[in-house]
Amino acid sequence: MTDTFGVVLPAGGAGRRMGGDVPKQFRLLGGAPVLVQTLRAFARHPALGAAVVVVPAGEEAAAGARLREHGAAAAVVAGGPTRQASVANGVAALPADVNLVLVHDAVRPFVSADVVSRVVAAARAGGAAAAAVPVADTLRQGGAGPLFGETVPRDGLWAMQTPQGARRDWLVRAHANAGRSVATDEVGLLQGAGYPVRIVEGDARNLKLTRPSDWALAEALWPAWMRDEG
Ligand SMILES: Nc1ccn([C@@H]2O[C@H](COP(=O)(O)OP(=O)(O)OP(=O)(O)O)[C@@H](O)[C@H]2O)c(=O)n1
Ligand SMILES: C[C@](O)(CO)[C@H](O)COP(=O)(O)O
């Protein structure tokens, strides 16, 4: 599978900040679970070779049934206690001939084919790459009590998104190198193992559904998104 890539979609979280009865990755957006919509975005990409979805342990059978119900296909494996552990399980479940891996949060359904293509191309050329957007807001530390502290220069700062992609051997070694330490994303792991990661321009719409206000935004954006990307 030299010209294709594999994707791991970590969906093993509890969605505590979003709240609600159903974890956010299984909530319906545009008539299908968010996880299915995100998987569909990758399935539309011509270079996708294999997909693995990582769900909370014990939910594998139910999640597999949900995917089939919505006509989506992927291997489904159990996650771990952290995103990093879930991603490691997903990478291990990819077919042996996948040598380029993209990791993408299952709760970022607004991922465009252009962003995926840019990450794939940059990771293929440089070994690893990740989508990010330049920080747009003024950044300031919290101070003591209710007051602001120091202003932080934002020049050269990027807000990290996913997909984050790398050669499979780099990603596997980066996970092994991390041992018991936990990084919030693949770039942190890769850099910790000494691998360079290229910056790829992401997309402001590629939001991570984290809090209830993100859900309201997602529902408002969805119809136009489907017109452009669906
Ligand atoms: N043990 C975990 C934790 C998170 N994730 C996944 O990693 C992605 C990004 O995580 P985040 O938005 O922080 O999701 P949650 O951990 O579910 O959110 P919260 O921290 O609010 O509980 C999500 O698709 C989430 O399902 C995972 O696969 N395994
Ligand atoms: C990987 C990530 O989406 C990059 O912005 C983010 O770090 C994941 O969110 P978490 O709250 O750290 O799990």
What residue, among those in segment 148-165 that are buried (at least 16 other Cβ atoms within 10 Å of the Cβ) and more than 12 Å from ligand 1 (Cβ to nearest atom), is nearest to PHE5 (Cα to Cα)? GLY165
If a residue has to be more than 9 Å from ligand 1 (Cβ to nearest atom) and either among the aromatic types (Phe, Trp, Tyr) or farther than 23 Å from GLY192 by Cα (or both) to count, how many in segment 99-127 make the cut? 10
Under the condition of being more than 7 Å from ligand 1 (Cβ to nearest atom) and assigned to a loop (DSSP other than H, G, I, E, B), which residue from segment 8-22 is nearest to ALA61 (Cα to Cα)? VAL22
Of all the helices (runs of 4 or more DSSP H) wholly in segment 118-230, which have at least 2 residues that are in contact (Cβ under 8 Å) with a residue 12 or more places away in the chain and more than 20 Å from LEU39 (Cα to Cα)? 168-178, 186-192
Looking at this structure, is LEU35 away from ligand 2 (no atom under 16 Å from the Cβ) and either closer than 26 Å to ALA224 by Cβ or of a type in the set (Ser, Thr, Tyr) (or both)? no
Within segment 67-115, restricting to residues that are crowded, with 21+ Cβ neighbours inside 10 Å, in contact (Cβ under 8 Å) with a residue 60 or more places away in the chain and assigned to a strand (DSSP E or B), the one that is nearest to the chain's Cα centre (by Cα) is VAL103
Filter segment 23-32 for residues that are within 17 Å of ALA61 (Cβ to Cβ) and within 16 Å of ligand 2 (Cβ to nearest atom) and give the result. PRO23, GLN25
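Readers should treat all values here as calculations from the given coordinates under stated rules, not as data from a laboratory. This structure is a prediction, so every number in the text was calculated from the model and none was measured. For neighbour counting, all protein chains shown are included, and Cβ atoms are generated from backbone atoms with ideal geometry for every residue, glycine included.
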